[in-house]
1. Only Lys, Arg, Asp and Glu count, each charged at its Cβ (+1, +1, -1, -1), so figure out the dipole size of the range 342-476 about its Cα centre, rounded to 20 debye.
2. According to the Kirkwood expression over distinct Cα-Cα pairs, how big is the hydrodynamic radius of the range 82-209, in Å?
3. With respect to the cross-link table entries Lys278/Lys306; Lys113/Lys358; Lys281/Lys389; Lys74/Lys452; Lys281/Lys387; Lys358/Lys414, which display a Cα-Cα separation exceeding 31 Å?
4. Using the Cα centre of the range 5-103 as the reference point, and only Cβ charges (+1 on K/R, -1 on D/E), how large is the resulting charge dipole? Debye, rounded to the nearest 20.
5. Would you kindly state how much longer the chain becomes between Arg102 and Ser6 on full extension, computed as 0.36 nm times their sequence separation minus their alpha carbon distance, in nm to one decimal?
6. How many Å³ per residue does the convex hull of the Cα positions in the range 168-285 occupy?
7. Dipole magnitude of the chain about its Cα centre, charges +1 at Lys/Arg Cβ and -1 at Asp/Glu Cβ only, in debye to the nearest 20?
8. To one decimal place, what orientation-averaged projected area in nm² is obtained for the convex hull of the Cα set of the range 327-460?
Amino acid sequence: MFNSFSELKDFCDERGIKFADFKVIDLKGRWHHLTMPIRSFTEEVLTDGVGFDGSSYGFLTVEKSDMVFIPDIKSAFVDPFSRESILTMIGDIHTLDGGRERYEGDPRYVAEKAEEYLQKSGIADTCLLGPELEFYILDHVSYRNSPNHMEVFLDSVQAEWNSADREAKNLGYKVPAHGGYHVDLPMDITFDLRNEMVANMEKLGVPVKYHHSENGGPGQVEIELGFGPVRTSADWTMLLKYVVKNTAIANNKTVTFMPKPFFGEAGSGMHVHIQLFKEGKPVFYDPDGYSALSDTALYAIGGILKHSPAIMAFTNPSTNSYKRLVPGYEAPVSLCFGTANRSSVIRIPGYATEPDEKRFEFRPLDATSNPYTAYAALLMAAIDGIKNKIDPIAEGFGPYDINVYALSEEERSKIKSLPKSLEEAADCLQKDHGFLLEGGVFTEGIIRDQLKGIREDALRVGITPHPLEYQLYYDL
């Protein structure tokens with residue numbers, strides 16, 4: 001938004017801005033924030049930074065935990081959710097050892113380094129990503145995990161299980177299970193709320209392609225963003241989640257981006273479209289190639305499919321991720337590619353026929369990921385495929401232009417699958433992460449910290465009794 005501190009100061013004076021707020025991301029992908037009166041936000045803050053305890057964010061060790069963040073004034077926006085006028089900025093993390101230097105483990109810096117590595121490779125100078133975020137808008141959520149009481153209760157006014165509700169006034173028009181895709185008014189009860197969400201995002205400079213109700217009956221929806229560079233697209237993804245959640249709360253609703261909040265209902269993913277350009281020209285287009293894709297595009301697909309089991313530790317880093325990635329729910333689990341094929345890990349949109357539209361879509365990713373490291377890992381896998389000319393056809397990844405689930409069991413068994421659990425994804429990253437270290441984009445420390453975090457989550461969930469186990473085993 002601003003190119004200089006003087007521009008920022010003039011804006012604040014004109015608008016009567018009273019506070020400056022700073023968002024800083026942790027390893028898991030949650031924003032933290034710190035706020036100061038606007039009079040305290042001097043030009044020195046842009047050089048000296050603001051100190052914070054990095055160990056509380058999961059960075060460094062406790063004995064070396066002092067860090068600073070320096071606001072990126074280009075990311076500034078006026079926050080619509082504060083009672084007072086606030087200018088918000090995203091902070092870049094710096095270490096203090098030997099002076100203020102960018103912290104290599106800052107997820108936002110990882111995305112920036114991935115873009116720089118692409119440019120240095122000579123393959124392309126721009127990578128554009130287009131994320132599609134699915135989520136559920138709900139009316140109630142409660143949960144409890146104690147030694148003697150495990151419970152989750154979710155509710156949505158539009159869900160079919162409320163069709164017989166006589167406690168409150170019931171006007172009908174409930175959405176059947178798996179029946180929510182593009183439902184119209186009056187069943188699409190979150191239509192006005194989504195318009196408000198999108199209007200808030202557009203005010204903050206986040207481009208939205210469209211929004212609609214999704215397949216899941218109890219309030220599943222989707223917002224698709226426009227294309228942007230890797231780090232910018234990750235910024236937009238974080239802003240979308242921030243706006244969506246806060247707009248929902250302001251309207252007495254709640255939102256979850258969990259990949260699988262409901263058993264037996266559609267899961268929520270975050271499909272990402274990817275394009276490469278060099279000097280303004282599309283790198284992925286070749287009218288004579290398969291589905292009008294160039295060899296470079298096919299090599300990128302080959303790299304992503306080869307390394308998908310490893311990058312899942314970044315793109316799908318929750319135990320809940322693998323409750324979505326099961327066959328039969330339009331969730332991609334087969335390591336293959338095809339045109340207009342939603343059952344494959346990589347889908348080539350059949351409607352994108354113009355040269356500057358040519359792209360492919362990575363479908364497994366979900367919004368429990370940190371978008372900076374997830375998008376960076378996806379790009380690094382693509383670059384590795386291009387540099388090493390990994391041919392997806394020669395590797396046996398397809399193309400499969402049919403529904404993979406319609407194949408015979410014998411045919412399906414020939415296609416490799418994604419990891420079936422978070423532990424398996426962690427094992428795959430442990431074995432295959434050299435491509436992420438190229439160009440210093442990721443570091444061994446980032447890999448180590450990611451593995452530590454997801455293995456701890458997997459262990460904690462794995463040793464916790466599940467209510468279904470009582471139904472299965474209590475009387476044995």
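1. Numbers: 16 positive and 23 negative charges, 33 e Å.
My answer is approximately 160 debye.
2. 20.4
3. Violating the 31 Å Cα-Cα cut-off are Lys74/Lys452.
4. Details: 12 positive and 18 negative charges, 69 e Å.
The dipole of the range 5-103 has a size of about 340 debye.
5. Extra length from Arg102 to Ser6 when fully extended: 32.2 nm.
6. 135
7. For this selection, approximately 380 debye.
8. Convex hull of Cα atoms, orientation-averaged projection: 9.7 nm².
Since every read-out is calculated from the coordinates, none of them should be taken as a lab result. Predicted model only: the values in this text are computed from it and were never measured. Glycine gets a Cβ as well: all are built from the backbone with ideal geometry, and neighbour counts include every protein chain shown.
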